[in-house]
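Following: one structure in structure tokens, then a few remarks.
The values are calculated or read from the model by the stated rules, or taken from the named source; none is laboratory data. Bear in mind that the values here come from a model prediction, so they are computed numbers and not experimental data. Positions of Cβ are generated from backbone atoms using ideal geometry, with glycine treated the same way; all protein chains shown enter the neighbour counts.
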Amino acid sequence: MAVLNYDLNDVDFEDMFDNYTYPEYVLTDQNSSPCHPVNFGSWVNLTLAVVYSLVCFLAVMGNLVVMIVVLHNRRSTSSTDIYLLHLATADLLFAVSLPFWAVDAMSGWVFGDAMCKVVSMLEEVNFYSGILFLACISVDRYLAIVHSAQPHWQKRPFLIKLVCAVVWVLAVLLSLPILYKGKFIYNERVLCYELLEGESITTWKNTTRFLRHVIGFLIPLGVMVFCYSVTIRRLCQTRGFQKQKAMKVIIAVVLAFLICWLPHNITVFVDTLMRSKLIAETCDRRNHIDRGLSVTRILGFLHCCINPILYGFIGLKFRRNLLNLLADKGLISQHAKAHYKRSVFTSSESGLVSSTI
């Protein structure tokens, strides 16, 4: 029997692995091969592309209407209107990035490394600025309804602008870790993927993730729950159709936010625990988490087109301002506007219409 002798010094291992690219979570357990990103079927990718396109259209149209109406009635702009304007701006910026993800779902990432970072940054900034502005609106409604503090804020518009500036800066800072995203080629498909190399970078990334969970979700959610709970309690102590209407809008706002963003944040939190080695990570668990991130991400995307409906078209003040805009542009008659106002606002009580969402 012939025995083949190999001299290991003659084997170039560096050349053997030179063209092999690992994703950020390449790992092996005792009997498994390296993990790779999950590949979805073509019908799933087509569905994603259609959903992204539809959400983009609805979000662009809805948020543009909100912005136009608020800017047209800027003489009577309240602090809530300013927050709504910034919230609509954030949603609009995010909506224009959705066509990139629609193309990505169908043919992979074809826009280069720089656009991968830019589009991902827009997504992150929208999320953090959105929840922070929602928290600002909840505080504003709390002060207006519970403490009747609206005139105090109206006399200091600089404070509102300062709060908005702080929100944008904080949202950008919380989104900076996403710049680690870049192009990653897997099975001849280019992905816009989060790439981490080195133990120190991974540790820093996990630390910042926990910070973002606390500052970017838990604290604003706690503020919203507290403010709206006290506000609803105050509204329950009063009577009147419009006050009950305001309570229903508040409940709808909180539920919409929880339905859209809570599943994604729970999934991201589990992913953070797994990357931090606080939960054992296997390829099977990694694939389940990646699928969960994709599904819950779609729910989060839907929130940018739900916001205009909840804060705009349900809000009485917005509908009144929209009627004024349509009447000024000649799209509806003054008689129709007056008739609609009588049918909707005759039962409104003093001071409440201006203080509702």
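Scan region 12-24 and give yes if some residue there is part of a helix (DSSP H, G or I), among the acidic types (Asp, Glu) and either at pLDDT 85 or above or over 30 Å from Glu194 (Cβ atoms) (or both), otherwise no.
Taking every residue of region 12-24 in turn, none turns out to be part of a helix (DSSP H, G or I), among the acidic types (Asp, Glu) and either at pLDDT 85 or above or over 30 Å from Glu194 (Cβ atoms) (or both).
If you take the residues in region 136-190 that are in a strand (DSSP E or B) and out of contact with any helix residue (DSSP H, G or I) (no Cβ under 8 Å at 6 or more places or on another chain), which one is modelled with the lowest pLDDT?
The residue in question is Tyr186.
Of the numbered conditions (1) among the aromatic types (Phe, Trp, Tyr); (2) surrounded by 19 or more Cβ atoms within 10 Å (Cβ to Cβ); (3) at pLDDT below 80, Phe133 satisfies every one except a single condition; which is it?
(3)
Which of the residues spanning region 255-286 are closer than 30 Å to Arg233 by Cβ and either modelled with pLDDT under 80 or touching a Gly at 6+ places or on another chain (Cβ under 6 Å) (or both)?
If the condition is that a residue be closer than 30 Å to Arg233 by Cβ and either modelled with pLDDT under 80 or touching a Gly at 6+ places or on another chain (Cβ under 6 Å) (or both), then Cys260, Trp261, His264 are the ones that fit.
Can you list residue pairs whose Cβ atoms sit under 7 Å apart, with the first residue in region 203-218 being within 13 Å of Ser276 (Cβ to Cβ) and the second being charged (D, E, K, R) and surrounded by 15 or more Cβ atoms within 10 Å (Cβ to Cβ)? Count only pairs 6 or more apart in sequence or on different chains.
Partner pairs satisfying both residue conditions: Asn206/Arg275.
I need every pair where a residue in region 154-168 that is over 14 Å from Asp140 (Cα atoms) has its Cβ under 9 Å from the Cβ of a residue that is modelled with pLDDT of 80 or more and hydroxyl-bearing (Ser, Thr, Tyr), sequence separation at least 6 or different chains.
Val167/Tyr83; Val167/Tyr128; Val167/Ser129; Trp168/Ser129
Can you report the number of residues in region 56-71 which are more than 12 Å from Asn307 (Cβ to Cβ) and either surrounded by fewer than 17 Cβ atoms within 10 Å (Cβ to Cβ) or touching a Cys at 6+ places or on another chain (Cβ under 7 Å) (or both)?
Going through region 56-71 one residue at a time, the tally reaches 5.
Among what's in region 72-100 and is modelled with pLDDT under 85, of a type outside the set (D, E, K, R) and part of a helix (DSSP H, G or I), pick the residue that is farthest from Ala135 (Cα to Cα).
This residue is His72.
Taking the conditions exactly as written (at pLDDT below 90, of a type in the set (Phe, Trp, Tyr) and either over 25 Å from Asp284 (Cβ atoms) or part of a loop (DSSP other than H, G, I, E, B) (or both)), does Phe40 satisfy them or not?
Judged against the criteria, Phe40 is a match.
Being farther than 22 Å from Phe217 by Cα, in a loop (DSSP other than H, G, I, E, B) and modelled with pLDDT of 85 or more narrows it down to one of Val110, Val103, Val55, so name that one.
Val110
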